[in-house]
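Rule-based calculations on the coordinates, nothing more; no lab input. This one's a predicted model, so the numbers in the text were calculated from it and none came from an experiment. Here the Cβ is made from the backbone with ideal geometry for all residues, glycine too, and neighbour counts use every protein chain on show.
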Amino acid sequence: MSATTEATALTLSLTDEHLALQKAVREFAQKEILPIATEFDESGDFPLETIQKMGQMGLMGIEVPEEYGGAGMDNLAYVLTMIEVAKADASHSTIVSVNNSLYNYAIMAFGTEEQKRRYVTPVASGEKIGAYSLTEPMSGSDAATMQSRAVLNAAGTHYIINGRKSWVTSGPVANYIVLFTMTDPDKGHKGITAFLIDADQPGFIRGKKEPKLGIRASATSEIVYEDYAVPVENVLGKVGDGFKIAMTVLDAGRIGIAAQALGIAEAAYEASICYARDRQAFGGPIGQFQMIQQKIADMKTRIEASRLLIYNAVQAKERYKQTGSRYTMEASMAKLFASETAMFCADEAVQIHGGMGYSKELPVERYYRDARITRIYEGTSEIQRMVIARQELGLR
Ligand code: CAA
């Protein structure tokens, strides 16, 4: 029996703690993030103040134990937070996602006690910003083909890193980075190693900031390493385990992007419901027309299906903690479906709003631009389909 045909009962339910968190994040997002979303989208500035406030609320280290500066909650709490933040502003949720499910998660899962204390605590509490850096100009989907190099010095004390990384989310502002680079090119993906990088050391050069279509307040840049010396103590996990660490962490990250996509889809949907009730045409509200109703029904159905796939992935990740059985496929299915749902809902929202959907006077055009990245980063829709199909066909 294949993995997809095995019945897995969804037993997820929100505890009082989850409901209280959801309410607190919703109130914060609607009161503090939504009013500044358009301004930051236009300026492209990094919203440091609100990110720091979210850090004080524990939202920059939701699953990180309290002793390391986090909130000590679970993956469902993270997902609920991502949905509420993304509903107000996708840019903010991108920053939340990288700090939580890529940066913190990598170190909590693979780091030493000293690494957790030094690198997770300031990021989980929102004082510092973390980033995750895998992609290079010539190595995106085919992540194992990276050209950057780390060479151990003669004394055996430091690796010297040279190369160029691209599309680093929070790259222009990050204090610390989980970096993947090649230590033994002859070994292919088994020659990749993960390092913990301090941005304030010589040889760390922030490259050009990307001018982007959407999530414009989430800063993205290249990072260039020129003879950057990283101490051997900063190897994350084992030398040569970098690719597996990168992939394991992306499984967690993809659940976060799915939740972000669901938040964008919900925002687009709720705006559409209001507009379909209010906007008058041909003698009544446009919601009375079947062609609008079809859009509403399809949006709602895909949103709820996305939520179930996300909850399914959350459950699979919780099971992984007990069994060690990977949740790669569940995460990919959630990310694939939710990101395509976000795009579908944002597009239909523009259509329902007509000219007003195309105008910058309403946030609907921002949802449309912001939704687009969810089908690209942390693995394109095509890569997610490849991951799912390979697993079902027993090719990996
Ligand atoms: N968990 C653990 N191990 C995994 C894994 C996973 N999810 N997926 C693969 N592996 C392991 C395999 O078991 C295999 O191990 P062995 O060598 O022991 O057999 C090894 O990794 C190699 O696996 P593959 O042969 O399947 O690797 P591949 O080269 O064919 O690539 C891929 C697989 C799925 C296409 C992968 O390259 C991939 O996910 N690409 C997309 C990368 C991506 O998402 N990039 C986005 C980066 S982050 C970003 O967007 C920016 C940001 O700042 C947010």
In degrees rounded to 10, the 0-90 angle between helix 242-278 Cα long axis and the longest Cα principal axis of the chain is 20 degrees
Nearest 10, in degrees from 0 to 90: the angle of helix 34-43 to the longest Cα principal axis of the chain is 60 degrees
Per the helix-only model, the chain has a calculated mean residue ellipticity at 222 nm (DSSP H runs of ≥4, -39500 (n - 2.57) each, divided over all residues, rounded to the nearest 500) of -15500 deg cm²/dmol
Gyration tensor on Cα atoms of the range 106-261, a ≥ b ≥ c root eigenvalues, a/c under 1.5 rounded, else prolate if a/b beats b/c, else oblate, says rounded
Yeah, the range 3-128 with a ≥ b ≥ c from its alpha-carbon gyration tensor (a/c under 1.5 is rounded, else prolate when a/b outruns b/c, oblate otherwise) is oblate
So for the range 243-393, using the alpha carbon gyration tensor with a ≥ b ≥ c as root eigenvalues (a/c under 1.5 gives rounded; past that, a/b versus b/c decides prolate or oblate), I'd call it prolate
Across 289, 344, 195, the residue with the highest GNM fluctuation in the chain (Cα network, 10 Å cutoff) is 289
Quick calc, the range 184-259, dipole around Cα centre from Cβ unit charges on Lys, Arg (+) and Asp, Glu (-), nearest 20 debye, gives 460 debye
Tilt, helix 381-392 to longest principal axis of the chain (alpha-carbon atoms), in degrees rounded to tens, equals 70 degrees
In debye to the nearest 20, the charge dipole size for the range 131-240, taken about the Cα centre with +1 at each Lys and Arg Cβ and -1 at each Asp and Glu Cβ, equals 320 debye
Note: residue 273 to residue 385 extended length (0.36 nm per residue) minus current alpha-carbon separation gives 37.2 nm
Out of 36, 69, 82 - ranked by how far each Cα lies towards the positive end of the dipole of the range 3-128, with unit charges on the beta-carbon of charged residues - the top one is 69
The size of the Cβ-based charge dipole (Lys, Arg +1; Asp, Glu -1) of the chain about the Cα centre, to the nearest 20 debye, is 660 debye
